[in-house]
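Read the structure below first, then the notes.
The values are calculated or read from the model by the stated rules, or taken from the named source; none is laboratory data. A quick note: this is a predicted structure, and the numbers were derived from the prediction, not measured. Heads up, the Cβs are rebuilt from the backbone with ideal geometry, glycines too, and the neighbour counts pull from every protein chain shown. Accessible surface areas use protein heavy atoms only, side chains included; no ligands, DNA or RNA. Shrake-Rupley method; radii C 1.70, N 1.55, O 1.52, S 1.80 Å.
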Amino acid sequence: MNLHTHRRILVIDDNRAIHGDFCKILCPQRSIIDQEDPELFAEITPTQAQPFFEIDSAYQGTEGVCALSRALEEGRPYAMAFVDWGMPPGADGIETVEMLWKRCPELQVVICTAYSDYSWAETIGRLGHRDHLLVLKKPFAPVEALQLASALCEKWRLAEEARHCLADRERILEERTRECCEMNQRLKAEMEQRMQAEAQLLRAQRLESIGTLASGIAHDLNNMLSPILLSLDLLRNEVPEKSRELLSTVERCAQRAGEMVKQVLTFARGVEGERLPLQPKLLIREIENIVAGSFPRHITMERRIPRELSLIQGDPTQLHQVLLNLCVNARDAMPDGGTLRIEADDFAVDAHFASMTPGARIGRYVRLRVSDTGTGIPAHLIDKIFDPFFTTKPLGKGTGLGLFTVIGIVKSHEGFLNVHSEPGKGTTLEIFIPTVLDDAPCDAPKEKGASRNGGGQLILVVDDESAVRDVIESTLTQHGYRTLLARDGAEALTLFVRQTERIDVVFTDITMPLVDGVALCRALKMIDREVRIIAATGVAEEHRKRDLESLNIGRCTRQAIHRRHAPRRPRRNSLITKPFRPLRILIAAPSRPTVAV
């Protein structure tokens, strides 16, 4: 619809002659001569053409209302209407105008009358003060009707343009408002992501701080535990038989403390630990003993383990910690008592199960299941229970690191886990650890007395802890070795330069002030490429391990010491971890040369 040319007028009058008058006034017909040759009569042709109007007629009020409705449906509304005041026998002009404005409030109306059935006050009272209502007295001059039609149509056009412009402005405003809302939502999401990232950064920094603190504590504790473990074997042959049981108790406690230190390092720095073939039955049996001796009596433990169960490859201390953490969580979820159940079985993961379970891969696993009949975990918290420092326990009752440690250890063993929980009925956690070949050797036996003896070889012992140096010196001397002692890397270099030909092995700590063990090993290799080195460390940091590997110094594990098909010659350069037993030193040190008979 073109507003500039849209001049539709509705005439409602019961007198048909009036309709003809409006057509002559508003739509005059040009003569045939004017149409044939307008240039011939140019002098009498108006300088400006009269506006074109489109007129529709209605002879009663209801007929006019129907015509208005059709025009609105067609999308071609009327700009104005001329309405007669009295149109018997139907609705009069006032009633007609009321019906017209109900359907089109913007319609410009001119009431044509020779006399008035209503006073102006009554008219205003019924129709209200409107700026689009005028009265034209009959008889009227043609110019009056023409001027009213032109002015009111132009007014309607301007009003429609304003209305369309306002609608466009409102649409643009709605679009901008929607864009602002969307942008606001994006900003909120970005702010939430940033806050989450900041929280994760703070957690990471906190964990890094804990790791740094744990590494320092671990180094000091390992230096304390190593002399204890080394001294126990020296004392075992010096005390009566009855006192040896006490030494065994001290030994177990020291070994347990060493395992706890390793566990702290596992959490703080992700130390991988030793991977040995393990029988899960033994781990569960140990956990069962702990539960029976320390858990409340109103918690009943059940164990379901098949007679035949595959071996797994893992660190016994770490997997022990996994099961213990799960059992402690199960205990805390049953304050009023209940049943704690530990189960184990072989489980084959196929392609379908792997596709439905995050972290799962096709293969054979041992499934360890720990379940309880406690309070359960709400569904909205299931995804958060493995987050660091997340706990639902009261202040002082939990750190929020137990399950975080569990998932870290399980993933480091190339395993995965599942959680099933129902509030009010209990929780079940399933741990899946890959199996190993059936012919793999099982757990390493307990280290017994050292049976290897030296043949007078000279060993340079380098450690900044005097207690460690003294006990290592006593152990090596007792087993037929000679020793030189150095307090740090600088003193060790001085002794080695002076007695290079006499020194057979250098035993050095890695973490030392000034010249540390890695720098010492590198300097020793520059002096003598064939020098044999035994390095000891209590903090297995990745960059130190890589540096030692570049010097051909690798870990001497219990698996290599005890497996049935161990190589006849141990590795020339070895790395052992603190706290260590005498056998660890002796297995890495050169033994007495074999004499042919």
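Structural remarks
- Within the assembled protein chains, the solvent-accessible surface assigned to residue 414 is about 110 Å², based on a 1.4 Å probe.
- Residue pairs, from the table 384/411; 411/578; 242/281; 384/545, whose Cα atoms sit over 23 Å apart: 411/578; 242/281; 384/545
- Solvent-accessible surface ranking, highest first, for 242, 545, 24 at 1.4 angstrom: 242, 24, 545
- Taking only protein heavy atoms and a 1.4 Å probe, the accessible area of the stretch 275-434 is 52% carbon and sulfur.
- The residues of the stretch 111-190 expose on average 69 square angstrom of accessible surface per residue, using a 1.4 Å probe on protein heavy atoms.
- Other residues within the sphere of radius under 11 Å centred on the Cβ of residue 77, judged by their own Cβ, net out at 0 (K and R +1, D and E -1).
- Charge sum, other residues only, whose C-beta stays under 11 Å from residue 65's C-beta, Lys/Arg counted +1 and Asp/Glu -1: 0
- Exposure of residue 484 as accessible area (Å², to 10), given a probe of 1.4 Å and all protein chains: 40 Å²
- Under the shape rule built on the C-alpha gyration tensor, where the axes satisfy a ≥ b ≥ c, the stretch 87-136 is oblate, since a/c reaches at least 1.5 while a/b does not exceed b/c.
- Rule-of-thumb Rg ratio for the stretch 458-558 [Cα; 2.2 N^0.38 Å; N residues]: 1.00
- Rel. contact order, % - alpha carbon contacts under 8 angstrom, at least six apart, the stretch 327-378: 47 percent
- Counting only Cα atoms, the stretch 203-252 measures 52, 15, 7 Å along its principal axes, largest extent leading.
- Remark on residue 314: its backbone amide H falls under 5 Å from those of 276, 278, a criterion applied only to residues 5 or more positions apart or on other chains, H modelled at 1.01 Å from N.
- Cα-derived Rg to Rh of the stretch 275-434, Kirkwood definition: 0.94
- Local electrostatic count, residue 337, Cβ distance below 12 Å [Lys/Arg +1, Asp/Glu -1]: 0
- Put simply, when 180-190, 62-72 are sorted by average Cβ atoms within 10 angstrom per residue, most first, you get 62-72, 180-190.
- Placed amide H near residue 507: partners under 5 Å, 5+ positions off or other chain: 460, 461, 462, 534
- Contact order relative to length of the stretch 458-558, as percent, for alpha carbon pairs under 8 angstrom and 6 or more apart: 26 percent
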